[in-house]
Structure formats: C-alpha cells, structure tokens
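A short worksheet on the structure shown next.
The values are calculated or read from the model by the stated rules, or taken from the named source; none is laboratory data. These numbers were taken from a predicted model, which means no experiment stands behind them. Every residue, glycine among them, receives a Cβ derived from its backbone with ideal geometry; neighbour counts consider all protein chains shown. For accessibility, only protein heavy atoms count, side chains too; no ligands or nucleic acids. Shrake-Rupley method; radii C 1.70, N 1.55, O 1.52, S 1.80 Å.
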Amino acid sequence: MHTSLAQKIHQALELSSLDPLTPSLESPLQTEAVGNAELPSCFAVTDLAAASISAAANELASLTAASKVTVDRRLAALWFDMTLRPEGWTLPSAWDAIAGVYRTSNGWIRLHTNAPHHRAAALRVLECQADKANVEKAVANWEKSTLENAIVSEAGAAAAMHSLQEWASHPQGLAVAAEPLIAWQKVTEGGRHSTFEQTKVLDLTRVLAGPVATRFLAGFGAQVLRIDPPWWSEPGVEPEVTIGKRRTGFDLHQSRDRELFDQLLTQADVLVHGYRPGALKGLGYDREQLSAIAPHMIDVSLCAYGWSGPWAERRGFDSLVQMSCGIAAEGMSRKGVDQPVPLPVQALDHATGYLMAAAVLRALRLRNHTGEVYSARLSLARTAHLLISAGPRDFRGKAIASTLQDLNNRIEQTSWGAAKRLQFPVQLDGKPPNWKIPAGQLRIDPPRW
C-alpha cells in the first residue's frame with residue numbers, strides 16, 4: 001500500500017492534535033493486508049482502494065472493539081467496480097447512450113447525461129438529435145470551455161479536459177488544494193451514546209460515493225434508511241448500492257413529507273447526504289436548521305468540486321472530476337494515445353465513499369467517548385487531489401478479472417432476480433459483513449428503520 005496515502009487518510013481522520021481517540025488507533029488492533037494486485041493506471045489507484053477501505057475498516061474495528069482487521073487488496077480493487085453477478089438476468093447499463101468523451105475544436109470534453117434532465121440540458125445547448133453521431137458533429141464546432149460553461153449554465157453536467165498543471169493553477173484547483181481531505185466542524189456537546197447496531201443512518205445520497213459509504217455501514221450492522229425524491233432513478237447502480245438498506249421516498253417540497261422527514265431526523269444518529277453546497281439550504285435544511293431539529297445528529301456530506309472556490313456549487317460526477325483535475329489528460333499522455341484515459345474504475349467515488357464511512361465511524365466513536373457531536377465534509381475533487389499527491393508514474397498493472405472463487409456462496413434475491421456478489425475485502429475478527437436486506441428498487445419501504 002502507498003504509505004503516504006494511508007498516512008494522509010489517517011491524519012485527515014484526526015479531528016485535531018488533541019483528539020482523544022488518536023491513541024486508540026495505536027492500540028492492540030492488528031491490520032493484515034493480504035493479496036497482491038495492481039489495476040492498470042499511471043496513478044496509485046489500487047493503493048487508494050486498499051487505503052480507503054482499510055481506513056473505514058480500522059475505524060469500525062475501533063468502534064466495535066474488534067481486535068483484528070483483514071483487508072484483501074485484490075478484492076478491494078474488485079469492489080471499486082461492479083460486484084453483483086446476476087443469474088439469469090442482465091444488469092442495466094450504468095451509462096446513457098450519449099454519455100462520454102467528445103472532441104471539440106480545441107480539445108476534449110466529457111458529457112454526463114445519465115440523468116434525463118442532464119441529457120436534456122446538453123441537447124438544448126447542442127441543438128441536435130440524441131444520438132452519438134449527431135452529438136459528435138455538434139460538439140466538434142464548439143470550443144471546450146465555452147461548451148462546458150454553456151451546458152453548466154443550463155443545469156447540465158459536463159467537464160472540459162485540463163492537464164494536471166492547468167488544474168493546479170485553476171482557481172477551483174487552488175481552492176480544492178487548500179481544503180482538508182475531511183473538513184471537521186464541532187456542532188454541539190451532549191450527544192447520546194449508541195452501539196453500532198443501534199445506529200440509525202438517514203441516507204440522502206445518490207449514484208455512488210454516498211451510497212458506497214452507507215452500504216459499508218449497513219453491512220456491518222448499522223440501520224440505514226435511504227430517501228429518494230419521487231422522480232429519481234439510477235437503474236445502472238441500484239443493484240449495486242441498495243443492499244442492506246430500507247428505501248423510502250419523500251418530496252421535500254411537500255409539507256407532509258417534510259413533517260415525516262423532520263421526525264426521522266430527530267431519531268437519526270447520522271445523516272449522510274450528497275447535495276451540492278447550498279442545495280439542502282434551499283430546501284430549508286442548512287446546518288443550523290439541522291442542528292436545531294436534531295442536535296445529537298452527526299452530519300457527513302460530500303460534493304463534487306469542493307466546498308469553496310468558483311465551482312463549489314457545480315454539478316459533478318467522478319468521471320467529470322477526472323477530466324477537470326488532470327487525471328484523464330495525464331493518462332492520455334503517459335499511455336501515448338489520442339483520447340482521454342481515465343482511471344480504470346470510478347475510484348474517486350468509491351474512495352470518497354469509504355472515507356465518508358470512516359468519518360461517520362470516527363464521529364460516532366467520539367460522540368460515545370466525549371459527548372461531542374461533529375460534522376464532516378468531503379469532496380470528489382479533494383479525493384482526486386489526494387490521489388494526485390502520490391504522484392503519477394509510468395503505466396503499470398493489468399485488468400483484474402473476478403473468478404468463481406471470488407464469489408460469495410450466498411444467493412441474493414434482489415428485486416430483479418437472483419444473483420451472487422463478490423466476497424467483501426474486509427473481515428473483522430474473521431467475520432465478513434452481513435447485509436440482511438437484498439438489493440432492491442427505490443421507494444418500496446415505509447419511512448421507518
């Protein structure tokens with residue numbers, strides 16, 4: 001494992017030099033890394049996978065008094081991708097037909113069109129039919145930054161490709177570099193004590209990073225309730241990230257749903273959300289309001305492009321951040337090809353998810369220990385900065401294919417059909433996670449844990 005990545009994550013989890021929990025991480029806890037694998041990249045992406053998953057596992061062990069953590073490096077790399085293996089049915093594609101990279105008049109841009117409203121925004125700007133060939137022709141007439149700004153102005157999602165050097169001097173790149181990997185803030189004192197199995201988590205996250213965090217928490221015993229608005233769907237990843245969770249739906253523009261949501265907040269130990277800065281405030285739930293409703297509640301959130309700087313409120317996803325921050329350009333240069341080369345997996349999403357889980361667990365442990373309640377903020381762009389800080393290198397590694405031996409023997413009866421899932425890379429005292437609820441469709445459960 002890349003020691004600097006693991007050390008930086010460890011340092012980020014310490015709330016301060018006076019953190020009373022720091023010595024416990026140097027207690028009899030044993031962490032054993034097994035397996036050997038390297039995904040193909042010019043960045044230390046497999047090290048990032050192992051380090052971020054280990055961070056969450058170590059925090060969980062410290063909270064639950066486990067004495068030994070085992071992390072399988074090869075399985076960690078596999079769990080940074082799709083883990084479900086359907087039996088007799090097919091997973092839907094994770095990507096819309098026109099999502100992807102396109103050549104502009106002066107470089108490359110990536111369009112993210114998985115959500116219908118993001119797709120519509122891009123097509124409004126391009127004024128073309130919704131097929132790959134027409135989009136290619138339309139994009140070719142645009143300058144990359146002009147097109148990026150036009151789509152973003154239409155509430156869409158796109159990212160022009162920058163080099164590492166360009167991003168390092170970009171106003172948003174500078175803002176992100178100045179932010180901590182995990183931004184802690186003390187909310188109040190007098191928080192309640194709870195065992196991990198009693199911990200109630202409200203999950204207001206979508207797509208990947210946040211759902212990865214709550215999937216980890218659910219697997220080891222937390223009670224997770226996911227909430228989605230009536231119009232939202234993410235068919236390409238729902239089978240991946242809904243395992244272990246109850247799933248309900250609210251429209252927070254409706255007074256009755258707000259009343260129910262407020263009641264859930266008063267019961268929750270943890271709120272995990274992935275709204276852009278200002279978006280939750282626009283619904284009437286800024287940090288002050290959340291603290292007034294549920295002063296005991298730990299609040300852990302993420303965004304795409306960081307919490308400060310001119311792009312703080314910009315919509316973003318892992319694949320877009322990789323384009324913006326120079327990862328795709330560096331891959332293209334070092335591989336010697338003529339189009340962007342992203343990471344082999346959505347590593348920013350997955351790593352940020354496990355770091356969020358680690359932050360939740362650290363905050364729970366601190367609340368139990370001192371009564372202090374903390375919030376934590378993370379971002380995909382800051383996780384990218386962490387990965388880049390380890391330094392690019394020549395391409396190495398190769399694709400890692402799963403085998404039948406990698407699968408859990410248990411049959412998972414998902415909403416779509418029977419399936420098996422890869423074995424999880426973490427064991428605590430020899431025990432793997434146990435997700436008691438199979439993966440399933442959104443909004444099918446009543447609003448309770």
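Would you check the accessible area of Cys128, probe 1.4 Å, heavy atoms only, in square angstrom rounded to 10?
Ignoring ligands and nucleic acids, Cys128 comes out at about 30 Å².
In nm, to one decimal, how far is the modelled label at Leu407 from the one at Glu313, with both set 7 Å along Cα→Cβ?
Spacing of the two 7 Å Cα→Cβ label points: 4.8 nm.
How much net charge surrounds Leu123 when only other residues with a Cβ under 12 Å from its Cβ are counted (Lys, Arg +1; Asp, Glu -1)?
Result for the local shell: -2.
Across the chain, where is the longest run that never hits GluC sites (Glu not before Pro) in a DSSP loop with at most 12 other C-beta atoms within 10 Å?
After excluding every exposed loop site, the longest remaining stretch is 190-449.
Nearest-5 percent of antiparallel DSSP beta bridges in the chain?
Of all bridge pairs located within the chain, approximately 45 percent are antiparallel.
Please state the shape class of the stretch 368-438: rounded when a/c is under 1.5, otherwise prolate if a/b exceeds b/c and oblate if not, all from the C-alpha gyration tensor.
It is oblate, given that a/c is not under 1.5 and a/b is not larger than b/c.
Quick check on the stretch 64-190: take the gyration tensor over C-alpha atoms, sort the square-rooted eigenvalues as a ≥ b ≥ c, and tell me if it's rounded (a/c under 1.5), prolate or oblate.
oblate
In straight Cα distance, which lysines are under 30 Å from Lys436, not counting same-chain residues fewer than 8 positions off?
Lys68, Lys200, Lys245, Lys420
Would you mind getting the accessible area per residue of the chain, heavy atoms of the protein chains only, 1.4 Å probe, in Å²?
In whole numbers, the chain has 40 Å² accessible per residue.
So how much slack lies between Glu127 and Asp445, counting 0.36 nm per residue of separation and subtracting their Cα-Cα distance, in nm?
Between Glu127 and Asp445, full extension yields an extra 110.4 nm.
Kindly sort Trp231, Trp167, Trp89, Trp416 by accessible area of their heavy atoms, largest first, with the probe set to 1.4 Å.
These residues rank, largest area first, as Trp231, Trp416, Trp89, Trp167.
Let me make sure I get this right: for the stretch 184-259, a, b and c are the square roots of the gyration tensor eigenvalues over alpha carbons, sorted descending. Under 1.5 in a/c it's rounded, otherwise prolate if a/b > b/c, else oblate. Which is it?
oblate
Give me the net charge for the shell around Gly371: Cβ to Cβ below 10 angstrom, other residues only, Lys and Arg +1, Asp and Glu -1.
Residues close to Gly371 contribute a combined charge of 0.
Which distance in nm do the two modelled labels at Ala120 and Arg103 give, with both placed 7 Å along the Cα-to-Cβ direction?
According to this spin-label approximation, the distance is 3.3 nm.
Given R₀ = 22 Å, FRET efficiency for Lys436-Trp89 by Cβ-Cβ distance, to 0.05?
Step by step, r from the Cβ atoms, then E = 0.45.
Give the carbon-plus-sulfur fraction of the accessible surface of the chain in %, rounded to a whole number; probe 1.4 Å, heavy atoms of protein chains only.
Ligands and nucleic acids excluded, carbon and sulfur reach 49 percent.
As an exercise, use a Förster radius of 41 Å and the Cβ-Cβ distance of Phe395 and Glu14 to find the FRET efficiency, rounded to the nearest 0.05.
0.75
About the Cα centre of the stretch 147-234, how large is the charge dipole given +1 on each Lys and Arg Cβ and -1 on each Asp and Glu Cβ? Please answer in debye to the nearest 20.
400
How about the stretch 113-203: which trypsin sites (Lys or Arg not before Pro) there are in a DSSP loop, with at most 16 other Cβ atoms within 10 Å of their Cβ?
Arg192
Cross-link partners among lysines for Lys398, C-alpha distance below 20 Å, same-chain residues fewer than 8 apart left out?
Lys335
I want the local charge near Gly391. Using Cβ-Cβ distances under 15 Å, sum +1 for each Lys or Arg and -1 for each Asp or Glu among the other residues.
Local charge sum for Gly391: +1.
Give me the number: length gained by fully extending Ala418 to Asp338, i.e. 0.36 nm times residue separation minus the C-alpha to C-alpha distance, one decimal in nm.
Extra length from Ala418 to Asp338 when fully extended: 24.7 nm.
Roughly how many Å is it from the Cα centre of the stretch 96-124 to that of the stretch 326-387, as a whole number?
24
Per DSSP H run of at least 4 residues, take -39500 (n - 2.57); add these up for the chain, divide by its residues and hand me the 222 nm value, nearest 500 deg cm²/dmol.
-11000 deg cm²/dmol
Give me the extension gain from Ala168 to Trp231: residue separation times 0.36 nm, minus the current Cα-Cα distance, reported in nm with one decimal.
Result: 18.9 nm gained on full extension.
Distance between Cα centroids, the stretch 154-232 to the stretch 390-449: provide it in whole Å.
Cα centroid of the stretch 154-232 versus Cα centroid of the stretch 390-449: 20 Å apart.
Describe numerically, in nm with one decimal, the distance between label points set 7 Å from Cα along Cα→Cβ at Asn141 and at Gln254.
It works out to 4.3 nm between the two label points.
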